[in-house]
Amino acid sequence: MPERTTKRAAQRLRTTDSQASPSAGGTNKSRPRRVSRSTAPISKSGVPITDELAEQLAREAEEGYDLSRGRRVGRRSLAGGSGQSPRLNFRTTLDLYERAAARARHEGKTVSQIAREALEKFVK
């Protein structure tokens with residue numbers, strides 16, 4: 001049965017645009033956009049997704065992933081290690097933002113670094 005699912009996944013990748021196009025008599029209301037047979041889909045990293053790659057990825061998905069081997073997503077903690085850094089969002093005037101951005105550029109920093117330094121000084 002897993003082989004059947006793999007073939008089905010590969011077949012979905014090969015479905016032509018005309019099958020999903022409303023002008024060709026198809027419907028695309030709840031279906032993802034289909035890729036034409038003459039153009040192989042491209043991954044986010046620029047790798048063409050061939051039938052063989054699609055089947056390999058489908059097999060891996062059906063077998064399940066070992067999440068302990070995965071890499072951690074997101075930014076590193078500001079405190080170091082595996083801790084979390086709470087996010088602080090606030091609004092400001094355009095003038096204040098532009099002045100902070102100019103200072104950040106002048107000092108070779110980000111606006112976030114400038115804001116953290118200012119808040120650190122304020123709460124001491």
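Need pairs with beta-carbon distance below 7 Å; first residue without any contact (Cβ under 8 Å) to a residue 60 or more places away in the chain and within the range 47-59, second surrounded by fewer than 13 Cβ atoms within 10 Å (Cβ to Cβ) and hydroxyl-bearing (Ser, Thr, Tyr); sequence gap 6+ or separate chains.
49/43
Given the conditions (1) closer than 30 Å to residue 120 by Cα; (2) modelled with pLDDT of 85 or more, which single one is not true for residue 58?
(1)
The values are calculated or read from the model by the stated rules, or taken from the named source; none is laboratory data. Since the model is a prediction, treat every value here as computed from it, not as a measurement. We place every Cβ from the backbone using ideal geometry, glycine too, and count neighbours over all the protein chains shown.
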